[in-house]
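The values are calculated or read from the model by the stated rules, or taken from the named source; none is laboratory data. Everything numeric here is computed off the predicted structure, so don't read it as measured data. Here the Cβ positions follow ideal geometry from the backbone for every residue, glycine too, while neighbour counts run over all protein chains shown. These accessible areas exclude ligands, DNA and RNA; they are computed on the full protein's heavy atoms, side chains included. Shrake-Rupley method; radii C 1.70, N 1.55, O 1.52, S 1.80 Å.
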Amino acid sequence: MEQLMKNVYTVWHLNLSFSSLEITQRSEVINKCYWPILKMAEKEGLKFGLEASASTLEMILNLDPLWIRTLKGLIADGKVEFIGSGWSQVIGPLVPSLVTQKNIQFGNAAYKSVIGTTPKIYLLNEQVWSAGLIDIYADEGVSALVMEWENPFSANPHWERDLRLQPQIGRGINQSIPIIWNHSIAFQKLQKMAHGDISLDEWGDWFAHEIQSPEEIGICIYGGDAETFDFRANRFEIEGAPVSGEWLRIEAAFEVAIAQGARFILPSDFLKLYNDENMDSLILSNASMPLPTKKQAKYNPLRWAVGGRDAFLANTTCEKILSLLKENNDSVADQDWRTLLDLWGSDFRTHITESRWESWVNTSKELLERFDNVSVFEEMKEENDFTVSDSDGYLTISNKELRCVLNLKRGLAIDSLFFLKISEEPLIGTIRHGELHHIEWNADFYSGEFVVDLPGRHKITDLERVTPIITSNDMGLAISAIIQTKLGPINKSIIFSGGNTPKLTLKYHLGWKTIPPCTMRFGDIVLIPASFERSTLFVETHNGGGHRDRFQLDSIEVDHGRYWSPLISARNCFGVTEGELIIGDRNKAIQVNLNRRLSSMPALMTNASVMKSYFTRIQFTARELDDTSSNHEIILGPEGRSFEISIQPFTML
């Protein structure tokens, strides 16, 4: 009887752009962390999958060409398989689709140049998934993706746990792709053993339990950072110095695995053991977790979107550069694209060192200035037939297509907004205290508000009584106010424009000197429950793909912005990577537009059943608290900081 194999594979992650790694330390990392992998791979019974960005490979080639020659030899001998990830470690679900496409294309060109091969299996950068990415990878010739198991599994409790032990099919929007699972519990267990936190015997007992199965199975025994062994980047006080011999302990663990019947196999060979018919077709994400990410709660997409020293600024600057490169395509060199991809790398948005952040600022400024003087933008005239009336602290703005009531007692909060062509009822507005008939929801929920939560201090809002300034011109009707706060003024404007296609634009400008560690959320869009058919309620937006991801909301609880701990202020988000989000039911919907050149931000959603009603809200966020941002105060220049979103009716197809 043929023995069923217990397969193990690795996806070592190599990254010389690691956030807290200084440029001067790169050769040390190659010697201490990258050479041991190749030396182990030369040994009998061991085969490894290994992943690196193309930019990391080029750095290694410049610093240690022998390492590259050794890698190529091991690839030729079938001892190592190279896994791709692109030119730079860009978070696909947080960037426009063109960026991921360019990242793969420039990555593949460099892989071919450096190691003589183009990888067919790709690791999703930082293990952030979205269905919208799948079409891009498939169109670029990628045959399979490496994605973490644990978080999609937590978002889909109906899955059988044994699905983790073989490849499965990940469903995108128009296409699907095989998934080779990475296992964060497994790689964290190996890290704990190598670091001396658990014994080799304890690790061996855990591994023996994991591979128990009557079927042929496979498990990713390690799919994490290579730089964590025999080296420390000193990101945290608790990280400490490495204990010598960590690679030796890893090798000993692999010997234990082999003794227990495990066979090391290359990821592509593991994939070949299964036909598509033997795999389940899985939807990895849902509205509650639209962007599944690796490891524990703090590792969520918001750290790269609005965390770090100033990820908001980094992403907004990159959006400006992207727009300029597209506008001036004929004068753009390949190196300009590679520079932009480097600037969009995830490591600049977490624990980046001071010197490398300064380098990022200088590089982005140079690229921005080189193309910015070429662009000319013309302001579009808008039809303006709006009338204004004032009654008892409320301002009503209307024309034949729109009616909006603003609350002057609460900083121009939107009391109600009607798009009369699609509904005779208000679609968004304010839900007042007591309307939801549950003590946990006994509050006023305003549309269009601005709220900053400061740890251990009173929050800052724009919900103050205001005297509006009303101006009318060819650009539309503007209602403006200045709200004074202890951090400085908030200039808020609501502009009505569009005539037959009405639009409400919310503009905020902070005349502040600094932004302390905080959460900063605004532009709230609170649905009026009675105006929508909840059974067909949906939200859709781009999460890095060329097509919008659509999520049904009728039977799912969503709370992206839930406060988890002082270092986890939110857990997930929508990428809104093409600047538009649609929310509504089968009969009507609204479209929310985000000016990403001015404010590149993700959106948070709350969707909850409350008694016989429900509460659904979209918010935008420019800052969240986590381990990358909690110690960083953002210094603003004289230009302050601005945000802009607009709301309009969506044409149903």
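Which numbered condition trips up I618, out of (1) surrounded by fewer than 22 Cβ atoms within 10 Å (Cβ to Cβ); (2) touching a residue at least 40 places away in the same chain (Cβ under 8 Å); (3) out of contact with any Phe, Trp or Tyr (no Cβ under 6 Å at 6 or more places or on another chain)?
Going through the list (1) surrounded by fewer than 22 Cβ atoms within 10 Å (Cβ to Cβ); (2) touching a residue at least 40 places away in the same chain (Cβ under 8 Å); (3) out of contact with any Phe, Trp or Tyr (no Cβ under 6 Å at 6 or more places or on another chain), I618 breaks only (1).
Can you go through T471, T467 and tell me which one is within 30 Å of I515 (Cβ to Cβ), out of contact with any Asp or Glu (no Cβ under 6 Å at 6 or more places or on another chain) and either in a loop (DSSP other than H, G, I, E, B) or in contact (Cβ under 8 Å) with a residue 60 or more places away in the chain (or both)?
On the way: T471 fails: either in a loop (DSSP other than H, G, I, E, B) or in contact (Cβ under 8 Å) with a residue 60 or more places away in the chain (or both).
Criteria check complete, one pass: T467.
Given the options N151, N108, N103, name the one that is assigned to a helix (DSSP H, G or I), without any contact (Cβ under 8 Å) to a residue 60 or more places away in the chain and either surrounded by 17 or more Cβ atoms within 10 Å (Cβ to Cβ) or within 18 Å of the chain's Cα centre (by Cα) (or both).
On the way: N151 fails: without any contact (Cβ under 8 Å) to a residue 60 or more places away in the chain; N103 fails: without any contact (Cβ under 8 Å) to a residue 60 or more places away in the chain.
Being assigned to a helix (DSSP H, G or I), without any contact (Cβ under 8 Å) to a residue 60 or more places away in the chain and either surrounded by 17 or more Cβ atoms within 10 Å (Cβ to Cβ) or within 18 Å of the chain's Cα centre (by Cα) (or both) holds for just one of N151, N108, N103, which is N108.
Give the range 67-76 a look and list any residue that's touching a helix residue (DSSP H, G or I) at 6+ places or on another chain (Cβ under 9 Å) and open to solvent by 60 Å² or more (accessible area, probe 1.4 Å), or say none.
Residue satisfying the conditions is K72 alone.
Within the range 15-24, how many residues turn out to be touching a residue at least 12 places away in the same chain (Cβ under 8 Å) and either charged (D, E, K, R) or open to solvent by 40 Å² or more (accessible area, probe 1.4 Å) (or both)?
Let us first name the residues in the range 15-24 that are touching a residue at least 12 places away in the same chain (Cβ under 8 Å), namely 15-23.
Then keep just the ones that are either charged (D, E, K, R) or open to solvent by 40 Å² or more (accessible area, probe 1.4 Å) (or both); that gives 22-23.
Residues meeting the conditions: 2.
Can you tell me which residue within the range 126-142, out of those that are farther than 21 Å from S288 by Cα and within 23 Å of the chain's Cα centre (by Cα), is surrounded by the fewest Cβ atoms within 10 Å (Cβ to Cβ)?
Step one: filter the range 126-142 for residues farther than 21 Å from S288 by Cα, giving 135-142.
From what's left, within 23 Å of the chain's Cα centre (by Cα): 135-140, 142.
Working: D135: 19, I136: 22, Y137: 24, A138: 16, D139: 13, E140: 18, V142: 20.
Checking each candidate, the answer is D139.
Of the residues that sit in the range 178-209 and are part of a loop (DSSP other than H, G, I, E, B) and not charged (D, E, K, R), which one is farthest from the chain's Cα centre (by Cα)? Explain how you work it out, then say what you get.
Going through the range 178-209, the residues part of a loop (DSSP other than H, G, I, E, B) turn out to be 183, 195-199.
Okay, now just the ones that are also not charged (D, E, K, R), so 183, 195-196, 198-199.
On the way: H183: 20, H195: 30, G196: 33, I198: 32, S199: 35 Å.
Among residues in the range 178-209 that are part of a loop (DSSP other than H, G, I, E, B) and not charged (D, E, K, R), the one farthest from the chain's Cα centre (by Cα) is S199.
Looking at T616, T577, T606, which one is in contact with a Pro (Cβ under 8 Å, 6 or more places away or on another chain) and assigned to a strand (DSSP E or B)? Break it down stepwise before answering.
Values: T577 fails: assigned to a strand (DSSP E or B); T606 fails: in contact with a Pro (Cβ under 8 Å, 6 or more places away or on another chain).
Just one listed residue meets the conditions, T616.
Note down all Cβ pairs under 7 Å where the first residue falls in the range 478-490 and is crowded, with 16+ Cβ neighbours inside 10 Å and modelled with pLDDT of 95 or more, the second is of a type in the set (D, E, K, R) and part of a strand (DSSP E or B), and they're at least six residues apart or on different chains.
If the second residue must be of a type in the set (D, E, K, R) and part of a strand (DSSP E or B), the pairs left are S480/K492; A481/K492; I483/K492.
Taking the condition aliphatic (A, V, I, L, M) and either part of a helix (DSSP H, G or I) or closer than 16 Å to L248 by Cβ (or both), does L21 pass? Walk me through it before giving the result.
On the way: aliphatic (A, V, I, L, M): yes; either part of a helix (DSSP H, G or I) or closer than 16 Å to L248 by Cβ (or both): no.
Here the answer is no, as L21 does not meet what is asked.
Determine which member of the set E58, E2, E44, E28 is modelled with pLDDT of 95 or more, open to solvent by 10 Å² or more (accessible area, probe 1.4 Å), assigned to a loop (DSSP other than H, G, I, E, B) and not small (G, A, S).
Numbers: E58 fails: assigned to a loop (DSSP other than H, G, I, E, B); E2 fails: modelled with pLDDT of 95 or more; E28 fails: assigned to a loop (DSSP other than H, G, I, E, B).
Going through E58, E2, E44, E28 in turn, the sole match is E44.
Only one of (1) open to solvent by less than 80 Å² (accessible area, probe 1.4 Å); (2) at pLDDT below 95 fails for F419. Which number is that?
For F419, the failing item is (2).
Conditions tested, residue by residue: (1) open to solvent by 20 Å² or more (accessible area, probe 1.4 Å); (2) touching a Lys or Arg at 6+ places or on another chain (Cβ under 8 Å); (3) part of a helix (DSSP H, G or I).
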{"position": "G308", "(1), (2), (3)": "no, yes, no"}
{"position": "I321", "(1), (2), (3)": "no, no, yes"}
{"position": "D330", "(1), (2), (3)": "yes, no, yes"}
{"position": "T339", "(1), (2), (3)": "yes, no, yes"}
{"position": "F348", "(1), (2), (3)": "yes, yes, yes"}
{"position": "S359", "(1), (2), (3)": "yes, no, yes"}
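Just to check your reading of the model, which residue among F236, F229, F254 is in a loop (DSSP other than H, G, I, E, B), of a type in the set (A, V, I, L, M, F, W, C), at pLDDT 90 or above and within 29 Å of I60 (Cα to Cα)? Quick ask: steps written out before the conclusion?
On the way: F236 fails: at pLDDT 90 or above; F254 fails: in a loop (DSSP other than H, G, I, E, B).
Sole residue among the options that is in a loop (DSSP other than H, G, I, E, B), of a type in the set (A, V, I, L, M, F, W, C), at pLDDT 90 or above and within 29 Å of I60 (Cα to Cα): F229.
Hey, does the range 585-593 have a residue that's buried (at least 24 other Cβ atoms within 10 Å of the Cβ), in contact with a Leu (Cβ under 7 Å, 6 or more places away or on another chain) and assigned to a loop (DSSP other than H, G, I, E, B)?
no
Is the range 392-409 home to any residue that is β-branched (V, I, T), under 36 Å from the mean Cα position of the chain (by Cα), within 24 Å of T621 (Cβ to Cβ) and surrounded by 14 or more Cβ atoms within 10 Å (Cβ to Cβ)? Break it down stepwise before answering.
Step one: of the range 392-409, the residues β-branched (V, I, T) are 396-397, 405.
Those still in the list that are under 36 Å from the mean Cα position of the chain (by Cα) too: 405.
Then drop every residue that is not within 24 Å of T621 (Cβ to Cβ), which leaves none.
No; the residues of the range 392-409 include none that is β-branched (V, I, T), under 36 Å from the mean Cα position of the chain (by Cα), within 24 Å of T621 (Cβ to Cβ) and surrounded by 14 or more Cβ atoms within 10 Å (Cβ to Cβ).
All but one of (1) farther than 30 Å from F264 by Cα; (2) open to solvent by less than 10 Å² (accessible area, probe 1.4 Å) hold for S97; state the number of the condition that does not hold.
(2)
Scanning for something in a helix (DSSP H, G or I) and under 21 Å from the mean Cα position of the chain (by Cα), does the range 155-170 turn up at least one residue?
First pass over the range 155-170, keeping only residues in a helix (DSSP H, G or I): 155, 161-165.
If we keep only those that are under 21 Å from the mean Cα position of the chain (by Cα) too, we end up with 155.
Yes; the residues of the range 155-170 include at least one that is in a helix (DSSP H, G or I) and under 21 Å from the mean Cα position of the chain (by Cα).
Could you list, in sequence order, all residues of the range 381-420 that are within 20 Å of F532 (Cα to Cα) and out of contact with any Lys or Arg (no Cβ under 9 Å at 6 or more places or on another chain)?
Here is the first cut: in the range 381-420, the ones within 20 Å of F532 (Cα to Cα) are 401-405, 414-420.
Passing the criteria: R403, C404, V405, I414, D415.
Scan the range 496-544 for residues that are buried (at least 18 other Cβ atoms within 10 Å of the Cβ), touching a Leu at 6+ places or on another chain (Cβ under 7 Å) and β-branched (V, I, T) and jot them down.
Those that are buried (at least 18 other Cβ atoms within 10 Å of the Cβ), touching a Leu at 6+ places or on another chain (Cβ under 7 Å) and β-branched (V, I, T): I515, T519, I528, V539, T541.
May I ask you to list pairs of residues, at least six apart or on different chains, whose Cβ atoms are under 7 Å apart, with the first in the range 422-443 being closer than 15 Å to I590 by Cβ and the second being open to solvent by less than 40 Å² (accessible area, probe 1.4 Å) and among the acidic types (D, E)?
Between residues of the range 422-443 that are closer than 15 Å to I590 by Cβ and residues that are open to solvent by less than 40 Å² (accessible area, probe 1.4 Å) and among the acidic types (D, E), the close pairs are G429/D415.
Taking the range 557-583 on its own, how many of its residues are open to solvent by 30 Å² or more (accessible area, probe 1.4 Å) and at pLDDT 95 or above?
5
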